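The values are calculated or read from the model by the stated rules, or taken from the named source; none is laboratory data. All figures in this text were calculated on a predicted structure; none of them were measured in a lab. Every residue, glycine among them, receives a Cβ derived from its backbone with ideal geometry; neighbour counts consider all protein chains shown.
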Amino acid sequence: MLWLRAFGIEGEVALQTDWGEEFGGSNPKKLERLQKKYFTPFGALLAKILLGRKEHNGRVERSHCTDDEEFYIPFLAKMQSEEGFLRKRAGWVYYYNLKRPHYGEGMEGKPPFSKLRELGCDLPDKFALFPPLVLDRISADWAFAWALKGSNDLLAHYTRDPGNRSLPPRSRSGPPRAALPLPKTCACPCPPIVGGIPRRAPAWPLHGENRGGRGSPT
């Protein structure tokens, strides 16, 4: 919300989430506490998708899938430092929002920020460059603690098959095309060279239905 307000976006903003416990779940007291502590002070409203209608959260989940298949899976294991990860991730945010073509409903092959401007939002490019945050240590610690207690394991989707045997992380739609990393001397937020293709859009690994999903908004 601070990011939105910093760019002059006024009025009440509704932030729609699913019913995960991190967003209050279905506990009225927790929802009320979250609303009062984190949303009301910024003129925001915590809204929920309808129960049993996961498709209402489809665009968010689809963008997460694209993040996994085109960024985390091919690049995360190659990162040598947190600083290097943040630099690469900032480049991905730049490419995803400002350069990468999207082919979901109504996108017409345009990047999300171009589509946003078509809808009348007169904002600078910097608005689409929200800085990456490292939350992995927190989520991993919580997931491990909950797994020990026999509770929900947030990482189970990536680490176990239906027979509950440990498996290495993988993409549900198969491994993406291999990509070469950026030269170490490159300081620009540009996408890498993929399969010998020069750096020009689209340059990140794109294959089949991974080209934008259902819209993938900014």
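Name the residues in segment 75-87 that are closer than 26 Å to residue 58 by Cα and either more than 19 Å from the chain's Cα centre (by Cα) or in contact (Cβ under 8 Å) with a residue 40 or more places away in the chain (or both), would you?
Taking segment 75-87 as the starting set, the residues that turn out to be closer than 26 Å to residue 58 by Cα are 75-76.
The one that is closer than 26 Å to residue 58 by Cα and either more than 19 Å from the chain's Cα centre (by Cα) or in contact (Cβ under 8 Å) with a residue 40 or more places away in the chain (or both): 75.
Would you list the helices (runs of 4 or more DSSP H) that sit entirely within segment 28-117 and hold 3 or more residues that are surrounded by 15 or more Cβ atoms within 10 Å (Cβ to Cβ)? Can you show your working first?
Details: elements: 28-34, 58-67, 82-98.
The qualifying helices (runs of 4 or more DSSP H) are 58-67, 82-98.
Kindly indicate whether any position in segment 89-99 is under 19 Å from residue 130 (Cβ atoms), assigned by TED's automatic domain parsing to the domain that holds residue 128 and among the β-branched types (Val, Ile, Thr).
There is at least one residue in segment 89-99 that is under 19 Å from residue 130 (Cβ atoms), assigned by TED's automatic domain parsing to the domain that holds residue 128 and among the β-branched types (Val, Ile, Thr).
Among the residues of segment 29-44, is any modelled with pLDDT of 90 or more, of a type in the set (Asp, Glu), out of contact with any strand residue (DSSP E or B) (no Cβ under 8 Å at 6 or more places or on another chain) and in the same structural domain as residue 13 (by TED's automatic domain parsing)?
Keep residues of segment 29-44 that are modelled with pLDDT of 90 or more, which gives 29-44.
The next check asks that each one be of a type in the set (Asp, Glu); those that pass are 32.
Applying the additional criterion that residues be out of contact with any strand residue (DSSP E or B) (no Cβ under 8 Å at 6 or more places or on another chain) yields 32.
Among the residues that remain, those that are also in the same structural domain as residue 13 (by TED's automatic domain parsing) are: 32.
Yes: one or more hits.
Kindly establish whether residue 99 is in contact (Cβ under 8 Å) with a residue 40 or more places away in the chain and of a type in the set (Lys, Arg). If you could, list the steps in order and put the result at the bottom.
Values: in contact (Cβ under 8 Å) with a residue 40 or more places away in the chain: yes; of a type in the set (Lys, Arg): yes.
Considered against the rule, which asks whether it is in contact (Cβ under 8 Å) with a residue 40 or more places away in the chain and of a type in the set (Lys, Arg), residue 99 comes out as yes.
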